[in-house]
Each structure stands twice: as C-alpha cells, then as structure tokens.
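**Student:** Sharing a structure here in structure tokens format.
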Amino acid sequence: MLIAFIALPAILGAQTQVANSSFSLMRSSDDGIQLRFQLPTWRLEETIDDGITRQRVKMEGVPYLYLDETETLPVFSTSIAIPYQGGVSLEISNTASQTQAMDGTDFDVLLSRERTSGRHPQQMYPAQSVIVGEPMIMRDFRIVHINVHPFQYDQDARQLQVNESVDIVLNFNTLPSINEMEAPSSYSSVFEPLYRDLILNYEQALNRNASFSTPRMLVIWGNNNDTIYQNKVNEYVDWKKQRGFIVSAVSTATTGTSSSAIKTYIQTQYNNTATRPDYVVLIGDSGTGNMQIPTFSSYVDYEYTWLEGNDQLGDVIIGRISVENTAHIINYMAKVAYMEKNLNLNNSAFLDRMVLVGDVDHNSGISTIYTNEYVADISSAVNPDYTYSKEYGSNVSHHNINTAINQ
C-alpha cells in the first residue's frame, strides 16, 4: 500500500473553494498588494442545551475556529505570494460591519472557562479581524497566510460583530525578514496545481520567463540482498520511468539507515536543482520486517519534506510503500500492474469508494473525526460519485477497517 502525504499543514488545507472565492485581488505591484474579503451568505441557528436557547453562526463549506475541540466561529483563509526578500506589513481599510444582538452562543461556557484561565482575555473573540502569518517557503514561492475572522463575539455585551467586507493591504519593504530565498530558475510542474489553488496572486507572482521542470522522483528502499525483492524495486522504478518520471533510486546502504542520515541525503538531492525531487518514495516498513526505513519522528514521515526555509510547509510530496518482506512487495507490484496498467473499467467501482478512519483515543480526540469530515467535504466536491465508509470511535477495529477497504 502506498501511503502518500502532500504534507501541507492545516492552515493551508483549510482553504476551501467557498473560502477562496470570498477573496478578490484588487491591486498588485512591486511594493504591495490589495485584496478584498466579501462575506458569503450565513445564518444564525438556535440550539437548546439544558433548556437554554443558544445561537451559533452557521455556514456551509467553511472551516471553524475551535475552543478545546468545539467549533466556534468561521475563519476564512488564503495565501499570498510575496517578494523573495524583505518584510511585509498589514494595513486594514474600508471595513463594512454590523452588530448583531445575541441570546448567547453555544460556546459561551467554554469561552468563559478560557477567559477565567487567562486565555482569550480580550473583549472580542477572536481578538483580531485579520491576521497575517510570518513568511514561509512553499518550494518555489515565498508566501504569507492570511486568516480573516468575519465574526467577532463580545461575550459581555452579548453582541456579534459581523465584518461583511474588508479591504486588506500588504505593504512590502526591504527590511531583513525570515525565510528569504533566491528566486527559482524553474518551477515544479507537480506543485503547479497546488500553487494555482492555494496562492491567490499566483498568476501575478509567476515569472513568465521561468520554465516548469519534468517530474522527478527519488526512491529510497530499505536495503536487502534478496534478489526477488531487488527485482521488484527495479520493476517499480522502471514503471515510473515509463510513465514519464525522472527517477533516482538508492538503498539505505547509500543513504544511511537513521532518520537523520536519510533526511540529509534527501536535503542534498533537493539542494541541487539538477537532482531536486518532486516526489520521495520510501520502500520499507518503519518498524518491522527485513527492509526497514524509520519514520522521521513519532509515526510520520512529514518532516522529511521540510527542505526549504524554517517552517512546516512540505517542499516535496512523500509516500511510503510499507512492505515488511519480499512477499509484500510482490503483492504490491501485482496491484500496481492491475490498477495502473491493466485496469478493467467494468470492475473499477472501488475507485469511487473511500475509507475514513478517525480514532478519538491516543490524545488526538475528536479532531480526527473533524479532519475526516473535511476530507469528505472537499473530495465530494471534486467527485460527487464518492461513497464513504466511516470508521469512527474509540480504538477502531482493524477488522472493520480491513472489511471496509476490501468491500
């Protein structure tokens, strides 16, 4: 099974189609950019808890802020490409707002608890209507992330401030800043759809003289002397070359077997534009078997992708073929042959099925379910034919997961 991660943090993942369509670009120049936020349709819903009527702001297809693990108010997000050098300052103008009287919100108890403990001491929740993050690097672009909070709640006055329209100006300067970089001579063709979807001013920031590179894949396989295993690795590499990728393949005998050694090898390949991968594929299980490749930390490979800048945006797409022995990779390559070479479209209904697993134990809490519901929302927008098997709860059964996968 190939477990793949685009590895973008939630701040970018929260940019839904509804949220992005709420931003429009008004002006773009070398010294700054102006955009306008326009609040879409919303409504107040009443909820009754222990006989007390409360209200909540309801919007479809928009992520929410959280207190503890409870949704509170909608948040709208977008990303802006900024100059590769220098700083950014925020200016807010022409805010059109109204005030709505409230009977109380469905998160009043939680907010009171937070304020008593010293968190969220400000009069308004959230305190700021617009927040601009620190500069980050998303492979070929230097960006900042913008959060707009169109709803701000005054708990003492029981009033909701609704910011219906906000003009946002980002002024660029030449002051020293963080995560500065040189402008790239070429762009990743693999990341291009992501840039287009996530960066509001992508077209304006794009260097028309720059080219797009051919997709490049780095395969790192757990070293093992079994001839059949090595042949299957070569079969995988050859197939990817046939599909148009430039592929480099090395074993852990070359990279080293520790996570730090593997990360250093990936970093070296990334630093050289002639070998810079778009994809990194790890072949081997993380903890058991005869061809191990460790995760970078805990249970994830994500940090292997932190290659540009001092931030948590992935700069390559990483995946793992989690095989423990030769029999596993034989089965995996048989599935590759079936699904990528010899797929019978009459028996392809499984492509429209998705299994979502959310285990609320192990300190993750209900956020695992919220994340899966978000995946369901955005995937159904792309493919309305998707059907979902949702395995949620405490200590989700492996049997139930396998049954859902193999249905």
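**Student:** Residue by residue through the range 250-292, note down the ones that are assigned to a loop (DSSP other than H, G, I, E, B) and farther than 20 Å from Tyr332 by Cα.
**Tutor:** At the first step, the residues of the range 250-292 found to be assigned to a loop (DSSP other than H, G, I, E, B) are 256-258, 272-278, 284-292.
Answer for the range 250-292, where residues must be assigned to a loop (DSSP other than H, G, I, E, B) and farther than 20 Å from Tyr332 by Cα: Gly256, Thr257, Ser258, Asn272, Thr273, Ala274, Thr275, Arg276, Pro277, Asp278.
**Student:** Could you go through the range 182-191 and let me know if any residue there is in contact (Cβ under 8 Å) with a residue 12 or more places away in the chain, farther than 25 Å from Met26 by Cα and over 25 Å from the mean Cα position of the chain (by Cα).
**Tutor:** Of all residues in the range 182-191, those in contact (Cβ under 8 Å) with a residue 12 or more places away in the chain come to 182-191.
So of that shortlist, the ones also farther than 25 Å from Met26 by Cα come out as 182, 184-191.
Subset that is over 25 Å from the mean Cα position of the chain (by Cα): 185.
Checked the range 182-191: at least one residue is in contact (Cβ under 8 Å) with a residue 12 or more places away in the chain, farther than 25 Å from Met26 by Cα and over 25 Å from the mean Cα position of the chain (by Cα).
**Student:** Mind checking whether some residue in the range 87-102 is under 25 Å from Asn372 (Cα atoms), β-branched (Val, Ile, Thr) and not in a loop (DSSP other than H, G, I, E, B)? Show your work before the answer.
**Tutor:** In the first step, residues of the range 87-102 are kept if they are under 25 Å from Asn372 (Cα atoms); the result is none.
No, the conditions are met nowhere in the range 87-102.
**Student:** Something else now. Lys241 fails exactly one of the following numbered conditions: (1) surrounded by 14 or more Cβ atoms within 10 Å (Cβ to Cβ); (2) in a helix (DSSP H, G or I). What is the number of that condition?
**Tutor:** Unmet for Lys241, out of (1) surrounded by 14 or more Cβ atoms within 10 Å (Cβ to Cβ); (2) in a helix (DSSP H, G or I): (1).
**Student:** Can you name the number of the only condition in (1) surrounded by fewer than 20 Cβ atoms within 10 Å (Cβ to Cβ); (2) β-branched (Val, Ile, Thr); (3) touching a residue at least 60 places away in the same chain (Cβ under 8 Å) that Val166 fails?
**Tutor:** (1) is the only condition that Val166 fails.
**Student:** Considering only the range 173-226, give the strands (runs of 3 or more DSSP E) lying wholly within it that have at least 2 residues that are of a type in the set (A, V, I, L, M) and crowded, with 19+ Cβ neighbours inside 10 Å. Walk me through how you get there before you give the answer.
**Tutor:** Working: elements: 186-188, 211-213, 216-221.
In the range 173-226, 216-221 are the strands (runs of 3 or more DSSP E) which contain 2 or more residues that are of a type in the set (A, V, I, L, M) and crowded, with 19+ Cβ neighbours inside 10 Å.
**Student:** For a quick check of your reading of the model, give me the residue pairs whose first member lies in the range 320-342 and is in the same structural domain as Thr305 (by TED's automatic domain parsing), whose second is assigned to a helix (DSSP H, G or I) and of a type in the set (Asp, Glu), with beta-carbon atoms closer than 7 Å and at least 6 apart or on different chains.
**Tutor:** Met333/Glu235
**Student:** Look at the range 241-270 and say how many of its residues are under 25 Å from Ser185 (Cβ atoms), free of Cβ contacts under 8 Å to residues at least 24 places away in the same chain and not hydroxyl-bearing (Ser, Thr, Tyr).
**Tutor:** Here the count works out to 1.
**Student:** Next question. Could you please let me know if Val88 is of a type in the set (A, V, I, L, M) and closer than 14 Å to Ile131 by Cβ?
**Tutor:** Criteria met by Val88.
**Student:** Within the set of pairs 6 or more residues apart or between chains, which connect a residue that is on the phi > 0 side of the Ramachandran plot inside the range 84-106 to a residue that is not in a strand (DSSP E or B) with Cβ atoms less than 7 Å apart?
**Tutor:** Gly86/Thr174; Gly86/Leu175; Gly86/Ser177; Gly104/Arg158
**Student:** May I ask you to verify whether Thr288 is assigned by TED's automatic domain parsing to the domain that holds Tyr236 and at pLDDT 95 or above? Lay out the reasoning, then the answer.
**Tutor:** Working: assigned by TED's automatic domain parsing to the domain that holds Tyr236: yes; at pLDDT 95 or above: no.
Spelling it out, it is not the case that Thr288 is assigned by TED's automatic domain parsing to the domain that holds Tyr236 and at pLDDT 95 or above.
**Student:** In contact (Cβ under 8 Å) with a residue 12 or more places away in the chain, within 20 Å of Val144 (Cα to Cα) and not small (Gly, Ala, Ser) - does that describe any residue in the range 39-59?
**Tutor:** Taking every residue of the range 39-59 in turn, none turns out to be in contact (Cβ under 8 Å) with a residue 12 or more places away in the chain, within 20 Å of Val144 (Cα to Cα) and not small (Gly, Ala, Ser).
**Student:** Output the residues belonging to the range 342-378 that are surrounded by 16 or more Cβ atoms within 10 Å (Cβ to Cβ) and of a type in the set (A, V, I, L, M, F, W, C).
**Tutor:** Once the filter is applied, which keeps residues that are surrounded by 16 or more Cβ atoms within 10 Å (Cβ to Cβ) and of a type in the set (A, V, I, L, M, F, W, C), the range 342-378 yields Met354, Val355, Leu356, Val357, Val360, Ile369.
Each row is one residue, and each column tells you yes or no for (1) in contact with a Gly (Cβ under 7 Å, 6 or more places away or on another chain); (2) closer than 14 Å to Val57 by Cβ; (3) in the same structural domain as Thr47 (by TED's automatic domain parsing).
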| position | (1), (2), (3) |
| --- | --- |
| Ser77 | no, no, yes |
| Ile80 | no, no, yes |
| Asp108 | no, yes, yes |
| Arg113 | no, no, yes |
| Pro126 | no, yes, yes |
| Phe141 | no, no, yes |
| His145 | yes, no, yes |
| Tyr153 | no, yes, yes |
| Gln161 | no, yes, yes |
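**Student:** Tell me, which helices (runs of 4 or more DSSP H) wholly within the range 293-407 include 1 or more residues that are of a type outside the set (Ser, Thr, Tyr) and more than 30 Å from Leu218 (Cβ to Cβ)?
**Tutor:** Details: elements: 326-336, 367-382, 398-405.
Hits in the range 293-407: 367-382, 398-405.
**Student:** What is the number of the single condition among (1) farther than 22 Å from Glu164 by Cβ; (2) surrounded by fewer than 17 Cβ atoms within 10 Å (Cβ to Cβ); (3) in contact with a strand residue (DSSP E or B) (Cβ under 7 Å, 6 or more places away or on another chain) that Thr95 does not meet?
**Tutor:** (1)
**Student:** When the residues of the range 379-400 are filtered to those that are surrounded by 15 or more Cβ atoms within 10 Å (Cβ to Cβ) and farther than 24 Å from Tyr64 by Cβ, which remaining residue is modelled with the lowest pLDDT?
**Tutor:** It comes out as Val396.
The values are calculated or read from the model by the stated rules, or taken from the named source; none is laboratory data. Please read all numbers here as calculations on a predicted model, not as lab measurements. In this analysis, Cβ positions are derived from the backbone assuming ideal geometry, glycine residues included, and neighbour counts consider all displayed protein chains.
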